[in-house]
Amino acid sequence: MIYPIVKYPDPVLAQKAEPIVVFDRELAKLADDMFASMYAAEGIGLAAPQIGVLKRITVIDTSFGKDANEKLVLINPEIVASDGRRSEEEGCLSLPEIRDKVLRHATVTVRAQDVHGDWFEVDGEDLLSRAMQHEMDHLDGVLFIDRLSRLKKDLTIRRIKKLIKNGEW
Ligand code: NI
């Protein structure tokens with residue numbers, strides 16, 4: 001099933017998602033559906049709150065469907081190590097057309113559970129590092145525009161309000 005992507009300013013995007021405690025077929029199906037929804041929307045990452053589900057699961061594929069080995073499901077993820085700082089341009093399926101430079105850790109090590117509930121660790125640099133941090137933010141109700149300067153965030157929200165008013169959002 002392909003879910004529609006929830007867009008800003010839907011309040012579900014600002015809420016903290018709940019930990020996942022049951023690892024059953026339904027959860028595996030949710031992960032599959034999230035990949036399908038992400039590919040349909042032409043994204044490289046998707047967090048459950050973006051389809052209106054307040055659970056701590058995200059899917060990422062920085063190869064965008066070209067390499068099945070790159071498919072990553074992070075359940076109840078946490079950053080266990082990080083290094084450096086880097087500012088790069090980001091976008092978000094919940095904020096179409098909006099792009100801006102966001103300062104994040106350059107590299108991260110993330111600990112997470114897979115769909116069977118087994119814990120694993122993944123090291124990320126470059127795009128994978130950024131994608132994991134961006135998607136994990138969604139699980140805490142944080143969008144990338146929340147990480148911009150106050151001025152930039154205000155300008156971006158004003159721009160979105162205008163798009164909404166013109167029926168272009
Ligand atoms: Ni996003």
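Couple of notes before you dig in:
- Scanning the stretch 135-150 turns up no residue that is touching a residue at least 40 places away in the same chain (Cβ under 8 Å), within 18 Å of ASN69 (Cα to Cα) and within 12 Å of the ligand (Cβ to nearest atom).
- Flag for ALA81 being touching a strand residue (DSSP E or B) at 6+ places or on another chain (Cβ under 7 Å) and either surrounded by 13 or more Cβ atoms within 10 Å (Cβ to Cβ) or touching a residue at least 12 places away in the same chain (Cβ under 8 Å) (or both): yes
- Index of the failed condition, ASP83 passing every other in (1) within 16 Å of the ligand (Cβ to nearest atom); (2) out of contact with any Cys (no Cβ under 8 Å at 6 or more places or on another chain): (1)
- Restricting the stretch 19-58 to residues that are touching a Pro at 6+ places or on another chain (Cβ under 9 Å) and of a type in the set (D, E, K, R), the residue that is most open to solvent (accessible area, probe 1.4 Å) is LYS55.
- ASP67 meets each of the listed conditions (1) within 15 Å of the ligand (Cβ to nearest atom); (2) in contact with an Asp or Glu (Cβ under 9 Å, 6 or more places away or on another chain) apart from (1).
- Annotation note: of LYS66, LYS16, the sole residue that is open to solvent by 20 Å² or more (accessible area, probe 1.4 Å) and in contact (Cβ under 8 Å) with a residue 60 or more places away in the chain is LYS16.
- For the stretch 117-153, a residue qualifies if it is part of a helix (DSSP H, G or I) and open to solvent by 60 Å² or more (accessible area, probe 1.4 Å), and the qualifying residues are ASP126, LEU127, ASP146, ARG147, ARG150, LEU151, LYS152.
- Remark: LEU74 matches the filter, which requires a residue to be touching a residue at least 60 places away in the same chain (Cβ under 8 Å), open to solvent by less than 20 Å² (accessible area, probe 1.4 Å) and within 14 Å of the ligand (Cβ to nearest atom).
The values are calculated or read from the model by the stated rules, or taken from the named source; none is laboratory data. On a predicted model such as this, the values are computed, not experimentally measured, just so you know. All Cβ positions, glycine included, derive from the backbone under ideal geometry; neighbour counts span all protein chains shown. For the accessible areas, the whole protein counts, side chains as well, though only heavy atoms, and no ligand, DNA or RNA atoms are used. Shrake-Rupley method; radii C 1.70, N 1.55, O 1.52, S 1.80 Å.
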